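Notes follow the structure.
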Amino acid sequence: MVADADALSAMNAYLRNRRLMTACAAVGHLRGLLDACILALAGRRRGGRGVLELPNVQRTVGEMYAAVHTSRAIVHRALATTSGPRDGFFDPMATVAKEFVAEQAIRVGRAVMDLQGGEGYMSRQPWERYVRDALGLIGGQGAQELLLIQLGQHAALEVEQRQVRMERAQHTIADLSMGWWAYTTLASALETGLLDELLTPATAAEAAGRVGSAPALVEEMLHVLAATGLVRRLGERFALSDGLEAILTTGPRRAALASDARSAGPLRDPEPVDARVEAAAALGGFVAVELARQLDGLDERLNRPDARLLCAGEGAARLAVELCRRLPAAHVVAADPQDGRPLAGGPDELDAGGFDVAWIAAEGPGLEAALRSLRPGGWALVRTSSAPGADLRGAVSRLRSVRREGHARLPDELARALEAAGYGAVRLVPDPLGGTFAAGRRTR
């Protein structure tokens with residue numbers, strides 16, 4: 001036989017249906033063995049009681065019953081997978097069914113021999129034959145150890161491939177998001193006249209003054225356009241690329257670009273508050289689980305009955321609700337990110353201090369005040385969505401920060417600010433939303 005595959009794959013393609021057939025036959029045999037065993041025990045008595053009334057016998061029969069029906073369930077699941085697309089060389093569910101049912105057959109066979117006692121070894125009784133037949137069904141279509149090795153290889157490969165697919169999807173989504181932000185920036189620059197101001201090289205401040213926009217916002221818009229190659233940097237000045245200049249100075253092409261750009265929302269509109277609050281709430285689970293494990297002693301602190309948490313960052317109220325859900329034993333205080341006043345309760349909530357964690361805004365109450373409110377060993381968390389670098393991702397992240405908060409603070413800046421405020425063990429931890437947490441600990 002010549003197969004366009006390695007020998008093991010070709011053999012697995014032949015055996016996948018055989019394994020399922022063997023599992024089906026073994027399940028039927030197990031059910032017959034269970035029924036025959038119970039009927040044989042029904043007429044026996046020990047110490048004036050029926051054998052089936054003894055708790056230890058009932059427990060063993062219960063284990064056999066569970067083994068039969070779990071084997072049946074897994075065989076049904078394996079049979080259901082045959083109606084859809086199947087791997088041409090390896091069927092994991094058929095292999096699982098064969099391995100599991102074989103183990104249950106051995107287990108039930110031993111239980112029957114124990115229940116039947118000496119009769120289990122007499123050739124005139126059917127039990128020896130029942131068990132021998134069950135074991136005979138196991139031997140073919142791959143030894144148990146080989147099946148487990150194959151399943152282990154399959155599981156490892158499946159998890160690795162799923163991780164690769166997830167990362168590829170994340171990169172695709174990130175590329176789509178960066179592209180959307182870059183196009184929106186281009187549309188806003190065209191609509192506000194910013195691109196026309198760059199026909200003659202100008203600094204960000206000069207261009208901002210001419211179009212009447214905030215200098216910080218214009219500067220980050222120009223960085224985004226520079227990352228796409230549509231704008232050139234000439235020292236401190238920015239100028240249009242030759243290609244974009246040609247489009248803007250050609251009537252029909254400029255009209256077509258302007259028509260397409262009208263579909264993009266202008267950047268001068270603030271980012272919806274709801275979206276920012278939802279993002280903050282989504283980070284609650286990250287803080288309570290993953291970040292807590294990465295920062296020394298934080299996981300233990302958050303799960304103590306007297307744990308106290310301060311939420312004074314963006315979306316403090318929603319974040320506090322999420323943390324209460326995740327940490328029901330903790331006392332969580334939500335405060336206004338701007339002035340630090342509690343959103344519920346009196347000022348005593350903050351004056352009491354003694355917090356294990358304080359999530360504070362990058363621009364809010366001073367880091368020194370947050371340090372004083374922490375217990376020794378407590379952690380302060382400050383988050384930024386800005387990223388360094390001249391590439392499109394970094395430029396877009398800073399543009400979004402300026403649009404949302406009016407400033408763009410990089411992770412290293414936050415780390416230096418925490419150190420200057422007296423925090424120790426300062427760390428930078430990336431989060432799943434693409435931002436970075438700067439964490440500092442009160443060491444004394």
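Read-outs throughout are calculated quantities, based only on the coordinates presented, and are distinct from any laboratory measurement. Just so you know, these numbers come straight off a predicted model, no measurement behind them. Cβ placement follows ideal geometry from the backbone for every residue including glycine, while neighbour counts extend to all protein chains displayed.
Inter-label distance, M21 to H154: 1.9 nm, where each label sits 7 Å from its Cα along the C-beta direction. Computed log10 I(q)/I(0) for segment 216-257 at 0.16, 0.28, 0.29, 0.34 Å⁻¹: -0.45, -0.93, -0.96, -1.07, from the Debye equation with unit scatterers placed on every C-alpha and solvent omitted. For segment 160-166, putting each phi into the Karplus relation 6.51 cos²θ - 1.76 cosθ + 1.60 with θ = phi - 60° gives couplings of 5, 5, 5, 5, 4, 5, 5 Hz, in residue order, rounded to whole numbers and with x for Gly and Pro.
Label sites at H76 and D35, each approximated as a point 7 angstrom past Cα along Cα to Cβ, lie 1.7 nm apart. Extending 7 Å from the Cα toward the beta-carbon at both A205 and D299 defines two label points whose distance is 5.0 nm. Here segment 152-226 and segment 417-444 have alpha carbon centers that stand 27 Å from each other. Decide, for segment 174-261, between rounded, prolate and oblate: order the square roots of the alpha carbon gyration tensor eigenvalues as a ≥ b ≥ c, take rounded if a/c falls under 1.5, and otherwise choose prolate if a/b is larger than b/c, else oblate. Cα axes put segment 174-261 in the rounded bin.
Listed values for segment 182-188 are Karplus-derived 3J(HN,Hα) couplings in whole Hz (6.51 cos²θ - 1.76 cosθ + 1.60, θ = phi - 60°), namely 5, 5, 4, 5, 4, 5, 5, and x replaces Gly and Pro.
Fewest-first ordering of C37, C311 by other beta carbons within 10 Å of each residue's beta carbon gives C37, C311.
Counting 0.36 nm for each residue step from R325 to Q125 and taking away their Cα separation leaves a gain of 65.8 nm.
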